[in-house]
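The values are calculated or read from the model by the stated rules, or taken from the named source; none is laboratory data. What you see is a predicted model; the values in this text were computed from it and never measured. Reconstructed Cβ throughout: ideal geometry from the backbone, glycine too, with neighbour counts over all protein chains shown.
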Amino acid sequence: MLSRRHGGFTLLEILLVLVVLGLSAAVVVPNISSNNKDTVKEESQRFFRLMQLWSEEAMLSSETLGVRVEDKSYHLMKLSSDDWVRVEEGRYSKDIELPEDVEVELEVTGFTDQDDRLFSRESLFDDTLFEDEEEKEKLDPPQIILMGNGEIIPFRMTFYEKDEALWQVEGNELAVFDIKPAGEESE
């Protein structure tokens, strides 16, 4: 005669599954909270790489480029014969949007755009009498200038998450860029 076994799980098997699930949760939960910090790191690395790319592009094309940083985005600009214009062609012609939980603060250590007479295309005469309405709507100038000779306006961009400074990207006069955790001294 065949004996029939009842199908089901023993108490030991159920407890073993609960222990494995508990250990898995203990490993996964702390990593979930660090995803925001990873996002800030990724955004700072993306900005770092773009600054290197745009600086090289300015040198290779012998054009003066600029980066305008807004609250939640930044974009590439080019100095034309008239004034600063947005770069409309290429991969980076659109605003580069920052994620919702990432904030940035830009500190330009060279001259500020209020004192920026070097790149001003303003006339010595009062041309406002002859301007069209369209010409009056000028774009704000970039805060970071990448010159065609390989020099830049020095800057420091700090990336935050919930008012906590996490990463900094710095650029010196010779277009040498550095990325580091916030609070670390430059080498």
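Being among the acidic types (Asp, Glu) and at pLDDT 90 or above is a property that does not hold for GLU89.
Among residues of the range 28-56 being surrounded by fewer than 19 Cβ atoms within 10 Å (Cβ to Cβ) and of a type in the set (D, E, K, R), the one that is modelled with the lowest pLDDT is LYS37. Scan the range 151-183 for residues that are part of a strand (DSSP E or B), of a type in the set (Gly, Ala, Ser) and either free of Cβ contacts under 8 Å to residues at least 24 places away in the same chain or surrounded by fewer than 21 Cβ atoms within 10 Å (Cβ to Cβ) (or both) and the total you get is 1.
Can you name every residue in the range 142-187 that is among the small types (Gly, Ala, Ser), within 25 Å of ASP101 (Cβ to Cβ) and touching a helix residue (DSSP H, G or I) at 6+ places or on another chain (Cβ under 9 Å)?
Start the filter on the range 142-187 by keeping residues that are among the small types (Gly, Ala, Ser), which leaves 148, 150, 165, 171, 175, 182-183, 186.
Now drop any that are not within 25 Å of ASP101 (Cβ to Cβ), which leaves 165, 171, 182-183.
Across the range 142-187, the qualifying residue is only GLY171.
The set of residues from the range 63-97 being closer than 21 Å to GLU42 by Cβ, in contact with a strand residue (DSSP E or B) (Cβ under 6 Å, 6 or more places away or on another chain) and in a loop (DSSP other than H, G, I, E, B) comprises TYR92, ASP95.
In the range 92-121, which residues are surrounded by 11 or more Cβ atoms within 10 Å (Cβ to Cβ) and at pLDDT below 55? Result: ASP113, ASP116, PHE119, ARG121.
In this structure, does LEU60 turn out to be at pLDDT 90 or above, outside any strand (DSSP E or B) and surrounded by fewer than 13 Cβ atoms within 10 Å (Cβ to Cβ)?
So LEU60 passes the test.
For the range 81-91, filtered to residues that are under 16 Å from ILE144 (Cα atoms) and surrounded by fewer than 20 Cβ atoms within 10 Å (Cβ to Cβ), the residue that is farthest from the chain's Cα centre (by Cα) is ASP83. Can you find a residue in the range 122-139 that is touching an Asp or Glu at 6+ places or on another chain (Cβ under 9 Å), basic (Lys, Arg) and modelled with pLDDT of 60 or more? There is at least one residue in the range 122-139 that is touching an Asp or Glu at 6+ places or on another chain (Cβ under 9 Å), basic (Lys, Arg) and modelled with pLDDT of 60 or more.
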